């Protein structure tokens with residue numbers, strides 16, 4: 001790529017990198033051997049979990065195996081209460097002996113998780129100092145720094161996951177740095193984290209679990225950028241790649257951020273069947289299959305798509321690399337949505353006959369044609385994605401009809417309009433080079449760092465402003481320190497503050513923005529109004545007599561946002577051709593199929609807007625191109 005641009009590595013000022021290393025290590029269980037040192041009596045937290053069943057009707061439920069086996073979970077005497085007061089002093093000798101035993105047992109990394117350390121981290125910090133001094137070759141993660149948040153199970157799992165991938169990330173980055181140095185690169189090397197910002201190498205080494213979803217975050221950033229430049233602050237990101245399709249919400253130009261995600265689910269689409277990772281992440285939900293997902297007939301004779309994928313090798317049958325099973329991409333080729341002679345801008349030719357032959361394996365048992373089978377695959381995929389996206393949005397109290405959709409990823413443009421129609425979305429935008437949108441999103445990201453600190457406090461008109469300001473000031477300064485160490489000037493640092501709040505007696509909390517500046521006794525009304533706005537948007541009605549409480553305080557510290565422009569190709573000769581290829585109609589379904597497919601030049605944006613007549617029942621389509 002550098003060679004193609006006719007530049008040298010020494011000419012680059014910055015490299016931004018996203019990696020699936022953390023994701024693969026957690027899912028495939030290929031991390032380092034890790035041990036856990038915890039408070040006496042709590043070694044089984046990782047297996048007890050929350051004692052909640054993700055499927056109350058399944059009597060044979062299975063849960064993911066803990067990242068730390070029981071023999072490597074050791075206890076030491078110490079205890080801090082829920083208010084941070086020390087009840088039992090730390091047994092420092094026991095800490096040293098536990099670390100020695102874990103090292104002898106083959107552990108490369110140690111997670112330290114003590115009870116209520118989010119309120120008082122002194123014992124965890126002292127235990128880490130003891131281990132690092134005696135055994136500097138071990139990686140040590142402490143929960144009060146990885147995730148200083150209430151809820152023991154999630155805190156323990158997240159800290160263990162961080163320790164699990166820490167040695168791998170360190171080795172990976174050292175190799176990467178070494179290769180870049182050999183190539184003459186002398187600029188800044190940054191990594192994308194899961195919440196849509198960049199971090200330094202030091203931060204990535206200390207908190208690798210924050211890179212769990214670094215790839216999809218780039219797509220959300222690109223969506224926000226393209227939406228803003230198209231004049232839309234409220235958009236739905238629709239990212240469909242080779243194996244999965246994802247969706248997320250951009251509102252008021254800001255990406256929706258969740259406080260946790262699940263990794264390594266036992267059941268792919270069942271919430272609660274995975275490892276809960278408490279780390280800020282772009283709230284991009286997996287909603288369906290990808291271009292390489294395989295279509296088949298299930299046990300009752302119905303067409304299904306996924307969860308198995310053809311992968312990159314052999315890939316879809318139309319790639320001509322030995323694939324025999326029908327995939328979503330094969331269906332798109334058979335329907336004429338992809339031009340077999342002009343795939344990848346003409347760099348690759350697709351095998352239409354192979355695609356039809358693969359589709360025939362499911363068409364014949366269903367007594368339909370291969371083209372009808374292809375249409376069925378498209379319908380199944382589109383309906384399932386639209387249904388999952390609708391549920392995701394409705395759960396947030398949002399109506400998809402009030403948003404535009406931006407489709408990207410390798411397969412996104414082929415499905416975006418169809419999914420949008422099902423959802424009632426009236427406008428679809430396909431950005432330039434949509435297959436590389438995630439990479440483009442990396443370039444729009446600022447350096448950033450998110451911090452959470454649990455400090456339960458009841459709210460009343462007699463607001464304890466001193467406590468609130470103290471916690472916020474402390475974590476805000478921690479965020480600034482992280483950015484300063486990465487080279488961000490104080491004048492470029494922006495700190496946004498929020499709190500996880502709930503009605504007293506509730507189990508679940510919502511994130512509420514806090515007023516800027518110093519809080520005083522009169523800030524209660526502002527906080528209450530902000531809570532009511534967020535709560536009513538999700539649950540419609542706010543019990544006016546109910547009391548409020550804050551569970552955790554959050555800050556997001558970020559540097560300056562890069563300013564980018566997208567230029568069209570300089571010469572006409574370099575532009576891909578603009579061509580029309582007839583779609584293949586199906587007699588029984590012709591009225592519901594688009595009459596043509598347009599291959600768009602990747603130097604232009606493509607948008608589709610539902611005409612007024614289509615909203616009144618007329619199914620006429622209109623397409624328009626717009627240069628952004």
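The values are calculated or read from the model by the stated rules, or taken from the named source; none is laboratory data. From a predicted model like this one, the values you see are computed outputs, not experimental measurements. In this analysis, Cβ positions are derived from the backbone assuming ideal geometry, glycine residues included, and neighbour counts consider all displayed protein chains.
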In the stretch 545-555, which residues are buried (at least 21 other Cβ atoms within 10 Å of the Cβ) and either assigned to a loop (DSSP other than H, G, I, E, B) or within 25 Å of the chain's Cα centre (by Cα) (or both)? 552, 553, 554, 555
Mind listing whichever residues of the stretch 2-36 are free of Cβ contacts under 8 Å to residues at least 40 places away in the same chain and not in a loop (DSSP other than H, G, I, E, B)? 11, 24, 28
Every pair of residues 6+ apart whose Cβ atoms lie under 6 Å, when the first sits in the stretch 514-528 and is in the same structural domain as residue 498 (by TED's automatic domain parsing) while the second is assigned to a loop (DSSP other than H, G, I, E, B) and modelled with pLDDT of 90 or more: 523/515; 526/515
So for the stretch 123-131 (the condition being at pLDDT 95 or above, surrounded by fewer than 21 Cβ atoms within 10 Å (Cβ to Cβ) and farther than 21 Å from residue 482 by Cα), does at least one residue qualify? yes
Single residue of the stretch 37-52 satisfying the filter (in a loop (DSSP other than H, G, I, E, B) and without any contact (Cβ under 8 Å) to a residue 60 or more places away in the chain) that is farthest from residue 159 (Cα to Cα): 51
For the structure I just gave you, tell me whether residue 93 is closer than 30 Å to residue 272 by Cβ, outside any loop (DSSP other than H, G, I, E, B) and at pLDDT 90 or above. no
For residue 296, all conditions in the list (1) free of Cβ contacts under 8 Å to residues at least 60 places away in the same chain; (2) under 29 Å from the mean Cα position of the chain (by Cα); (3) more than 30 Å from residue 155 (Cβ to Cβ); (4) not in a loop (DSSP other than H, G, I, E, B) hold save one; what is the number of the exception? (1)
In the stretch 408-437, which residue that is touching a helix residue (DSSP H, G or I) at 6+ places or on another chain (Cβ under 6 Å) and closer than 16 Å to residue 392 by Cβ is surrounded by the most Cβ atoms within 10 Å (Cβ to Cβ)? 419
Per-region count, the stretch 317-341, residues under 14 Å from residue 360 (Cα atoms) and part of a loop (DSSP other than H, G, I, E, B): 5
Collect the residues in the stretch 524-537 that are over 14 Å from residue 549 (Cα atoms) and either crowded, with 17+ Cβ neighbours inside 10 Å or touching a helix residue (DSSP H, G or I) at 6+ places or on another chain (Cβ under 6 Å) (or both), keeping them in residue-number order. 534
Test for residue 25: is it crowded, with 16+ Cβ neighbours inside 10 Å and out of contact with any strand residue (DSSP E or B) (no Cβ under 9 Å at 6 or more places or on another chain): yes
When residues of the stretch 301-315 are filtered for being closer than 14 Å to residue 373 by Cβ and surrounded by 14 or more Cβ atoms within 10 Å (Cβ to Cβ), how many remain? 3
Among 129, 83, the single one that is more than 26 Å from residue 27 (Cβ to Cβ) and assigned to a loop (DSSP other than H, G, I, E, B) is 83
Residue within the stretch 440-458 that is outside the structural domain of residue 147 (by TED's automatic domain parsing), in contact (Cβ under 8 Å) with a residue 24 or more places away in the chain and on the phi > 0 side of the Ramachandran plot present: no
